Structures are given as structure tokens and as C-alpha cells.
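Notes for the one structure printed next.
The values are calculated or read from the model by the stated rules, or taken from the named source; none is laboratory data. The shown structure was predicted, so the numbers you read here are calculated from the model rather than taken from an experiment. In this analysis, Cβ positions are derived from the backbone assuming ideal geometry, glycine residues included, and neighbour counts consider all displayed protein chains.
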């Protein structure tokens, strides 16, 4: 990636938090790389070089700074602008516990291994394995510094199935062992685990909470005061996550209660970052959407815009199917009934009964009778569940076009549902449900709704951030901002 040295220099000297995660400063005289907000004395310009990602810096032989902790930096938003194939590869890599060979990764993406290597070298400057190892080691360092988890649990929670391999990769990147890093951190937290998810400000936390509050499924998730809670099951462990916002330090505080150990915390971390869209490139979104007068007015009211994601793509897809042609409140009620009937229940550490949203395997033989669904809607749910169990739907690395083609081939699923699932369940920033009633109302004039073709034509100028435009249009109906 091409970085402008003058911009990077100004940002690091000003310790501008808006550039946190956008680049890293490597110091030639010390062999260390830092975030642009590092509190240490700024080195001379002739002694530094800039990298777009931590993986590039480690590949060049630099080790992470233990003071500013690159492991806590938000993900590089520039990675969202690279080749679509690279984006899909990164998403697939982050969804897998073990690293995959380039050949296997390329096969799953439908490209040649030579082409995939060239794309990674061209867009990221590093190999897929280097990205995997750096991201997992940085996450492990965060756990070593911020938690009291045993080193063996941290290795597993970061995605390593071998303690020996974890120690080798960690020492290669940090030039010290996990135990040596643990001596400088390792905070005792009592029961449960606490994680910190850094983000680039601004973040409109209240808008996110309002969105999730209106759609919270009883027993599965809730918004309690200024915090979001939900139950989860991962790697055979059940628990509850509670997420609150530490606005002063630009980070979310995640408290995890219930897991007995061995939970894949890296995956949990990735899910939460997608759920709250913490790695959004807000400046790019504003620069594109701000050219539309209606969206520009709404952006002034919501400078910390984020795209609300989903904890699980399959769960979001079922809820989207339930919500076809009915209100948000009615769809949420139906989702609650489905969870109450088919989801497993458990009691959390506080003695509160929680419920898990059912997965595809649990619903494989469900008839969905008695939930208040039409026969056609129940048939659609059964078809979708069957396609998921059979592996005919690609939730991890399909393109927007591929996803829409796959899902609309199923009976009872149309354009709105496919685009909405892509937008929230798969976190695709360019998805756009052009037939949505709210969107057509927001884009209408003189009391008349816009037509879907008109909405699509206007949204062409919003690419590749059309999903953010949809969120702004929905918000404009509530805020009273109109044409």
C-alpha cells in the first residue's frame, strides 16, 4: 500500500488518534514499530519508515512496541479498499482456527495459488501466513497483558492448537517469550475475562444501542442501560458477553462470563468487532456519502456512523426471513418465539436464565408450526435451513453478487432479504436493499415514495458504502431530516 510520508509524519507527531491503525511507524535505530499515538518521545524523521499494517512491519523484521501496544490498534481501514479477492481471503482466514496453505485458501476462493500470492504481495506486501501469524500473536499479547488467563489457555484462545508452535511464533514476532511478556502484565480480574476493543473515534454508541434495542430477542440479547448483552456458545462453552463503551479511552469494554476455559477468544473478538463495526473507515464513508445533500445532513447528526452487524450470519438470515414484509417489532417477536421453542437454555454466573439462538443443525427437523408464521414463510425457513446444513450457502467468503445469486435461488427469498443479510449478517458495506419501504420513503419527495430503480440509480454515487447510506436513510426518518 502506498503511504504518504508527509501525512504519516504529521499524524505521528500530533499523536492524532484518527490515524490509529491506519499506519505504523517503524524506528530503524531500535527495531521497534509503534502506533501513531505512541506516548514515547517521537524519533527523528530520518530514522523512521512507515507500514500500512502490523504484518508488514513484522515481516520487515521490526518487533511491536510494548508501550503503545500495536496489538490494541484498530484494524487498518485501508484493507477494506484492497482487491475483493484479498478481502474475501482475509475474512476466510479470520474465521478459521488453524492457518491454511495458500493452495487450500486459493482453492476455496476459486483462484490459483500463484494469483493469490501475487494479490497479497501487491496489496498487503506480505504472505497470507504472515498475516495470520501476526494477527494471532498480537491478539495473544493483548490477552497476556490484560487478563490472568494461563499461557496455555491464551495459546488456544488465540487460535493455536499447539503450545510449542504458539511459543515459536510469538518469540519470532516479539523477540521474547509469552512468559516474559506476562511478567509485565497479567491483570487479575476475578471470575470471567475482560477484553478491550479499541476503535477510531467518533463512535455513535447510542445509535448502535438504539438499533440493537429495537431488535433484541428476549432471552438471547438485551440492551441494559448503556451496555449490550447477549448469550453465546463457542467451542462447547456457554457464556454471556456484556459490552460497554469507555468513550474517554476510545474502546469498548467486553466482560465475558460463564466460559469454563478454552473458548476461542480470537473468534469472539472478531465477531464483536464486526457486530459494532469497529474497524470502519469513517472518513472514507463521509467523503463519499457527504456528496449527497440528504446524507450530508444526516451525517452531521451522526458523525460516528457505524453499520450494525450481526453476531452470527445464520441467525441474522433467519431473522431477515422472518422480517419479510412485516414490522421490526413483529419480526423480533417471531424471532423470540423461535428461540424460546428451539434454543437451548442455561443459567449464567449471576443465576439468570439465558437462551441460545438455535443453529442450523438444531433446526434441521423443525416444522416451525405454532409460531404465527404463514405456511409459505415456514417453507422458506425450512428450505434455508436445509441449504445451510447441506453447505450450499457460502457465509464466509462469497462476493455480494455470489451471495445474492445463491440465496435468491431458494424459494420465498427475494432481493430485499438477500441484500439485508449481506448488509448486516455478512457485513458487506456495498449491500443495498433498494426495495426497502423506509429507504424509498426517505428518498421520496412531495409525499411520494421513490421507486426502486430511482433508489439504485442515486445510490450508485455512494459505492462502495451503500449499506451506510441505507442506515443514514433509516435514521433520517426518525430524525426528521428529509429532501
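If I filter segment 67-76 for residues that are modelled with pLDDT of 90 or more, surrounded by fewer than 19 Cβ atoms within 10 Å (Cβ to Cβ) and either in contact with a strand residue (DSSP E or B) (Cβ under 9 Å, 6 or more places away or on another chain) or assigned to a strand (DSSP E or B) (or both), do I get at least one hit?
Yes, some residue in segment 67-76 is modelled with pLDDT of 90 or more, surrounded by fewer than 19 Cβ atoms within 10 Å (Cβ to Cβ) and either in contact with a strand residue (DSSP E or B) (Cβ under 9 Å, 6 or more places away or on another chain) or assigned to a strand (DSSP E or B) (or both).
If residue 25 satisfies all but one of (1) within 23 Å of residue 281 (Cα to Cα); (2) out of contact with any helix residue (DSSP H, G or I) (no Cβ under 7 Å at 6 or more places or on another chain), what's the number of the condition it fails?
Result: residue 25 passes all but (2).
Return the residues of segment 378-400 that are at pLDDT 95 or above and outside any loop (DSSP other than H, G, I, E, B); say none if nothing qualifies.
Within segment 378-400, 378, 379, 380, 381, 382, 383, 384, 385, 386, 387, 388, 389 meet the criteria.
Could you list, in sequence order, the residues of segment 442-474 that are surrounded by fewer than 19 Cβ atoms within 10 Å (Cβ to Cβ) and part of a helix (DSSP H, G or I)?
The answer is 452, 453, 454, 456, 457, 458, 460, 461, 474.
For segment 149-173, give me each residue that is touching a strand residue (DSSP E or B) at 6+ places or on another chain (Cβ under 8 Å) and closer than 15 Å to residue 130 by Cβ. Please lay out each step first, then the result.
Start the filter on segment 149-173 by keeping residues that are touching a strand residue (DSSP E or B) at 6+ places or on another chain (Cβ under 8 Å), which leaves 149, 173.
Across segment 149-173, the qualifying residue is only 173.
Do you know which of the residues in segment 401-414 that are touching a helix residue (DSSP H, G or I) at 6+ places or on another chain (Cβ under 6 Å) and part of a helix (DSSP H, G or I) is surrounded by the fewest Cβ atoms within 10 Å (Cβ to Cβ)?
Among those that are touching a helix residue (DSSP H, G or I) at 6+ places or on another chain (Cβ under 6 Å) and part of a helix (DSSP H, G or I), it is 408.
Provide a single number: the residues in segment 417-441 that are surrounded by fewer than 22 Cβ atoms within 10 Å (Cβ to Cβ) and within 13 Å of residue 455 (Cα to Cα).
6
Does residue 309 qualify as being under 30 Å from residue 383 (Cα atoms) and assigned to a loop (DSSP other than H, G, I, E, B)?
So residue 309 fits the description; yes.
Look at residue 432 and say whether it is assigned to a loop (DSSP other than H, G, I, E, B), in contact (Cβ under 8 Å) with a residue 40 or more places away in the chain and out of contact with any strand residue (DSSP E or B) (no Cβ under 9 Å at 6 or more places or on another chain).
Against the criterion (assigned to a loop (DSSP other than H, G, I, E, B), in contact (Cβ under 8 Å) with a residue 40 or more places away in the chain and out of contact with any strand residue (DSSP E or B) (no Cβ under 9 Å at 6 or more places or on another chain)), residue 432 does not qualify.
Looking at residue 17, is it touching a residue at least 40 places away in the same chain (Cβ under 8 Å), outside the structural domain of residue 127 (by TED's automatic domain parsing) and out of contact with any strand residue (DSSP E or B) (no Cβ under 9 Å at 6 or more places or on another chain)?
For residue 17, the condition - touching a residue at least 40 places away in the same chain (Cβ under 8 Å), outside the structural domain of residue 127 (by TED's automatic domain parsing) and out of contact with any strand residue (DSSP E or B) (no Cβ under 9 Å at 6 or more places or on another chain) - is met.
Of everything in segment 137-167 that's without any contact (Cβ under 8 Å) to a residue 24 or more places away in the chain and closer than 18 Å to residue 97 by Cβ, which residue is surrounded by the fewest Cβ atoms within 10 Å (Cβ to Cβ)?
Among residues in segment 137-167 that are without any contact (Cβ under 8 Å) to a residue 24 or more places away in the chain and closer than 18 Å to residue 97 by Cβ, the one surrounded by the fewest Cβ atoms within 10 Å (Cβ to Cβ) is 164.
Consider residue 303 carefully, then state whether it is assigned to a loop (DSSP other than H, G, I, E, B), modelled with pLDDT of 95 or more, outside the structural domain of residue 200 (by TED's automatic domain parsing) and touching a helix residue (DSSP H, G or I) at 6+ places or on another chain (Cβ under 9 Å). Please lay out each step first, then the result.
Working: assigned to a loop (DSSP other than H, G, I, E, B): yes; modelled with pLDDT of 95 or more: no; outside the structural domain of residue 200 (by TED's automatic domain parsing): yes; touching a helix residue (DSSP H, G or I) at 6+ places or on another chain (Cβ under 9 Å): yes.
Considered against the rule, which asks whether it is assigned to a loop (DSSP other than H, G, I, E, B), modelled with pLDDT of 95 or more, outside the structural domain of residue 200 (by TED's automatic domain parsing) and touching a helix residue (DSSP H, G or I) at 6+ places or on another chain (Cβ under 9 Å), residue 303 comes out as no.
For residue 345, work out the one condition from (1) farther than 21 Å from residue 238 by Cβ; (2) in contact (Cβ under 8 Å) with a residue 12 or more places away in the chain it doesn't fulfil.
(1)
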